[in-house]
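These notes concern the structure reproduced below.
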Amino acid sequence: MLPGVATLAALVAVSHGAITGTRTTAAAAALCSQYAYQSANGYELLNNLWGIGTATSGSQCTNYDGPVNSGIAFSSTWTWQGDQNTVKSYIYAGRQFTRKKVSEIRSLPTTVQWSYNTTNHRANVAYDIFTSTDPNHANSSGDFELMIWLERYGGIWPITDSSTGSPAASVKVAGYTWDLFTGYNGAMRVYSFVVPKGSPIYSFTADVKEFFNYLKTNQNFPESQQYMLIYQFGTEAFVGGPTKFTVSKFQADVN
């Protein structure tokens, strides 16, 4: 396997969901503690230093930058040292919604605009969604995981069954071309739609339901049995920095 594949398979899925954290108000200061959390404008924001135990040094603080129309703006400054193949955090904003089966969801419209001010790091920028047959399942894992990578830095790789790191297919979904990687994280099936190298998407508008439609048709995804647990966007930080991740707008809905 390529460097990082095995560690991602072991670590990525336990990272993403919000757990209990330090809750703050909309006017609060930066979120700097491990699970510092804020709820505003129908979204949750989590600093989420879930992998800090593998860091030898570093820090991270995330800021709620205010509402943007029906969405949210946020930013995070981080620097991490330590094992370059392990995730230190998944900084994210997630849409708050009532869980329902994927088959009952008509659309998942979203828009995001983001940037990094440097490239001296190992990280991705990605949507992350978990589904489960259990509507009360924790939102940090599931039976299935859908990731949509808009960029990756420093040679990191998604979870994959391929020993060479090659994608399972090149596909077109929601008007964009993706490398599709498939694999398992324990018992959880993981599908990662990754932008081709050198083709980052800094401004993304799509209906994420189209990705589920593709998986239903081409990967036998059982949408009538799976509840959508979480709808989040952010960045997985491995090592590097100091760097600043800025999301000038993240908007998402579950219809």
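Every number in this text was worked out from the coordinates using simple rules, so none of it is lab data. Bear in mind that the values here come from a model prediction, so they are computed numbers and not experimental data. With ideal geometry, Cβ positions are generated from the backbone for all residues, glycine too; neighbour counts draw on all protein chains shown.
Largest GNM mean-square fluctuation among ASP143, ASP83, ASP128, using the chain with Cα springs under 10 Å: ASP83. Identify which of the listed values of Cα extents along the principal axes in Å was calculated from the structure shown: (i) 45, 39, 31; (ii) 64, 33, 31; (iii) 76, 38, 34. Step by step, Cα extents along the principal axes in Å for this structure corresponds to label (i). Computed extension length for ASN117-CYS61: 18.6 nm, one decimal, from 0.36 nm per residue of separation with the Cα-Cα distance subtracted.
Please give the direction-averaged projected area of the C-alpha convex hull for segment 87-220, in square nanometres with one decimal. Average projection, Cα convex hull of segment 87-220: 8.7 nm². Entry for segment 122-191 at q = 0.26 Å⁻¹: log10 I(q)/I(0) = -1.29, Debye formula applied to identical alpha-carbon scatterers, no solvent contribution. Simple point charges give the picture: +1 on the Cβ of Lys and Arg, -1 on the Cβ of Asp and Glu, and for segment 147-207 a dipole about the Cα centre of about 40 debye.
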